[in-house]
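Take a look at the structure set out below.
The values are calculated or read from the model by the stated rules, or taken from the named source; none is laboratory data. Every value quoted in this text rests on a predicted model; they were computed, and no experiment measured them. Because the Cβ atoms are built from the backbone with ideal geometry, glycine has one as well, and the counts that use them run over all protein chains shown.
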């Protein structure tokens with residue numbers, strides 16, 4: 001028979017079992033956190049009609065999309081979770097209750113140029129709150145808390161949530177008479193991190209902003225300091241533009257509830273340079289950076305938008321949402337040595353080795369352990385004892401139980417703790433209690449542990 | 001702006017939030033059960049190189065597959081989880097420990113003719129144990145236990161796991177001198193349930209089986225009764241064919257450990273009519289039927305095979321596995337009224353209604369509840385009180401908390417139990433304790449409840 005060489009497509013992440021457990025542990029931590037905030041899980045198809053998925057059309061997206069025909073259907077794989085959400089909410093609006101709070105953790109597809117750390121299939125972990133016609137500012141104020149709890153649940157500590165409000169920017173540019181070109185100006189200002197202040201100013205002037213206005217803009221985006229310092233610096237612009245004032249009020253509200261939401265001051269900063277390079281956002285915008293790895297860029301971004309589903313319905317659906325690129329985050333954290341090597345990754349808690357011809361006692365023991373929630377594997381392959389122990393060791397199974405004729409007739413179990421090396425013989429219930437106790441201790445870790453400074 | 005009508009492709013299941021929670025609850029029950037038996041989770045790409053995915057080639061599969069090009073790559077969406085597993089094990093064989101036990105719950109794609117209850121995108125929930133060169137019979141004996149625990153975890157009771165051994169069939173046909181045509185004969189016999197005994201016999205003779213052999217075959221597949229009756233009936237064929245004898249020994253082993261594995265006799269039957277219409281299986285084969293809905297067909301099938309990855313490697317990888325078609329199972333159970341209407345489906349356990357201008361007390365209360373694991377939604381949309389209660393009611397949120405000026409100054413919380421209608425005012429910690437207690441009781445249900453006979 002001809003052998004086809006097995007391979008995985010370039011740009012597709014496939015994990016070995018130990019890594020997969022860590023990845024799943026991260027996804028599960030996000031799922032639990034999102035659920036704590038009252039978001040309901042959704043799962044939409046990976047394939048949509050191309051016409052529907054590309055309703056917005058144009059841009060980079062269309063070039064990267066996986067699009068194909070089947071029969072006479074023009075199909076495409078989703079490239080994010082926002083467009084399917086818009087489609088979902090527009091389609092099911094009459095059956096949903098608003099505000100509609102959903103999370104979705106799922107794979108999306110982009111045929112990007114293959115390069116290290118860029119994936120063509122990757123998980124996004126999104127939450128959105130969608131209002132029907134309007135949506136209270138409290139939803140925007142809550143988002144930093146969700147980001148904080150999500151990353152804390154993963155085990156991260158040294159990260160900073162950065163927040164701005166698009167209305168402040170829009171209002172400020174209107175003051176300078178630049179409202180027509182605010183979007184372009186903001187796109188240029190958004191490059192600050194990448195190219196520096198000097199080049200941004202030069203670009204602005206090049207794009208037709210007067211030198212005086214460019215100076216004003218550079219002064220404005222240079223406003224920095226503690227949250228209260230930035231907020232008071234902004235007060236001096238108050239009263240000149242209604243949109244600006246509204247944005248400042250909103251930003252004050254968001255900052256004022258951080259404490260009640262349990263977000264420490266050190267994990268949060270108002271940052272006027274953040275605009276999110278999209279025309280989509282209209283209110284609070286969010287980015288999140290690892291303090292020790294700013295070069296990774298934002299690991300959780302999003303914001304407030306006014307019209308989620310304008311391509312699918314005339315119903316006005318404002319919302320606020322954030323997205324975590326989970327596959328990329330897993331990859332970069334792995335690269336930086338952030339994945340917890342101590343996290344239990346074994347497929348089983350216990351390996352039971354039957355040593356008698358009649359397997360019934362070993363099977364009954366395994367059944368009993370499983371009924372108590374202990375993940376148990378029976379192992380009866382024809383191997384030498386040493387090979388069996390090596391198997392347990394390689395998989396990091398923490399406990400091995402032996403059941404020979406002596407144990408069976410005495411009604412006891414012999415076990416070995418693979419971490420301490422301790423071996424003992426005890427009654428089955430005592431062994432189960434010891435194991436459950438040990439497992440409870442082992443399960444306390446987070447998938448990520450930051451390396452010591 | 002042009003509006004594109006939002007829609008979901010035909011043959012693609014998309015659930016509303018309440019149904020999604022039930023579906024996820026089923027998937028989670030399977031995940032937990034599989035993990036208890038020492039299976040590790042895997043997640044392979046949905047897209048593979050067409051050449052790799054279609055290594056086996058031919059047949060219905062190739063017609064149904066979603067295949068397309070991107071750049072100069074010939075790609076295809078996976079149509080099951082077995083082929084990607086074979087590819088995975090062949091690719092990573094040096095990095096895995098054998099027996100390799102994995103589960104995978106994931107979407108697969110088949111462009112079948114659209115019809116009611118048939119899906120083009122559907123979840124499969126698979127487990128497989130793969131050995132390196134050989135694999136102990138204990139793994140085959142364990143599978144009925146996993147099937148039993150899986151369906152019990154879902155809430156099903158009236159189902160039967162049916163088991164046969166392909167070696168018994170192969171050996172039996174060899175006794176009749178039909179070993180060359182055993183596969184064809186078995187395919188015909190496999191139609192017994194659909195077309196009845198008479199037509200099967202006629203078909204066999206039509207296909208060239210002598211009338212005497214056809215009678216022998218019909219006698220053989222008519223063997224029925226309790227497991228021990230069937231096993232003793234088979235003893236009379238012993239000693240005539242080595243493969244038969246081996247199959248009978250294996251079947252005896254599988255049956256002998258059922259009790260120790262915790263599988264009740266009533267949920268299990270030896271059934272000689274089961275062959276699984278595939279040439280792939282070589283040992284124990286499994287099907288599972290709902291006793292009250294045999295028309296649905298097998299809801300969990302699989303078996304022992306000798307060569308998982310023959311298209312990708314010369315390494316001999318025998319294994320045993322089963323697959324549950326989760327999307328279809330969810331659909332048919334829903335159709336039959338099996339989904340538990342009492343299963344908590346609310347996105348939140350508590351809805352907190354702030355009634356003061358300063359939101360800090362309400363936010364702090366929500367933060368405190370979340371820290372105790374209570375899924376909490378803050379609701380501060382500008383709606384009448386009645387509309388707020390209707391929102392909680394429609395989402396089946398079990399508790400609503402109010403925090404007005406009076407409550408805040410007294411340091412208490414008012415709450416309403418939405419199920420009993422009871423309203424009370426109490427200290428925040430008392431309320432949290434009451435809620436946690438109520439939630440623990442509510443969470444005991446299974447996603448499926450069988451209707452009363």
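For this structure, a couple of remarks:
Conditions tested, residue by residue: (1) buried (at least 21 other Cβ atoms within 10 Å of the Cβ); (2) more than 14 Å from every other protein chain (Cβ to nearest Cβ); (3) modelled with pLDDT of 95 or more; (4) not in a helix (DSSP H, G or I).
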residue	(1), (2), (3), (4)
A:112	no, no, no, yes
A:127	yes, no, yes, yes
A:152	no, no, yes, no
A:180	no, yes, no, no
A:184	no, yes, no, no
A:187	no, yes, no, no
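- Hits in segment A:348-363 - residues which are at the interface with chain B (Cβ under 7 Å from one of its Cβ atoms) and within 11 Å of residue A:403 (Cα to Cα): A:359, A:360, A:363
- Residue ID - nearest to the chain's Cα centre (by Cα), chosen from residues in segment B:329-376 that are surrounded by fewer than 18 Cβ atoms within 10 Å (Cβ to Cβ) and within 15 Å of residue B:434 (Cα to Cα): B:373
- Test: residue in segment A:95-103 that is modelled with pLDDT of 95 or more and in contact with a helix residue (DSSP H, G or I) (Cβ under 6 Å, 6 or more places away or on another chain): yes
Residue by residue, here is whether (1) closer than 21 Å to residue A:67 by Cα; (2) within 14 Å of another protein chain (Cβ to nearest Cβ) holds:
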site	(1), (2)
A:109	yes, yes
A:124	yes, no
A:135	no, yes
A:149	no, yes
A:157	no, no
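- A single entry from A:77, A:81 fulfils the requirement of being within 19 Å of residue A:31 (Cβ to Cβ) and crowded, with 22+ Cβ neighbours inside 10 Å: A:81.
- In segment A:4-21 there is no residue matching the filter, namely being more than 30 Å from residue B:311 (Cβ to Cβ), surrounded by fewer than 17 Cβ atoms within 10 Å (Cβ to Cβ) and out of contact with any strand residue (DSSP E or B) (no Cβ under 6 Å at 6 or more places or on another chain).
- The condition of being crowded, with 21+ Cβ neighbours inside 10 Å and in a loop (DSSP other than H, G, I, E, B) holds for only one of B:169, B:156, that being B:156.
- Considering segment A:87-108, the residues that are surrounded by 23 or more Cβ atoms within 10 Å (Cβ to Cβ) and over 26 Å from residue A:32 (Cβ atoms) include one that is farthest from the chain's Cα centre (by Cα), namely A:90.
- Restricting segment A:225-245 to residues that are touching a residue at least 40 places away in the same chain (Cβ under 8 Å) and in contact with a strand residue (DSSP E or B) (Cβ under 9 Å, 6 or more places away or on another chain), the residue that is nearest to residue A:143 (Cα to Cα): A:227
- Segments classed as helices (runs of 4 or more DSSP H), wholly inside segment A:14-73, with at least 1 members that are over 20 Å from the mean Cα position of the chain (by Cα) and more than 7 Å from chain B (Cβ to nearest Cβ): A:50-53, A:59-64
- Some residue of segment B:402-425 being exposed (fewer than 14 other Cβ atoms within 10 Å of the Cβ) and facing chain A (nearest Cβ under 9 Å): no
- Of everything listed in (1) in contact with a helix residue (DSSP H, G or I) (Cβ under 9 Å, 6 or more places away or on another chain); (2) surrounded by 19 or more Cβ atoms within 10 Å (Cβ to Cβ), the single unmet condition for residue B:162 is (1).
- One residue alone among B:119, B:79 is more than 7 Å from chain A (Cβ to nearest Cβ), closer than 30 Å to residue A:96 by Cβ and in contact with a helix residue (DSSP H, G or I) (Cβ under 6 Å, 6 or more places away or on another chain), and that residue is B:119.
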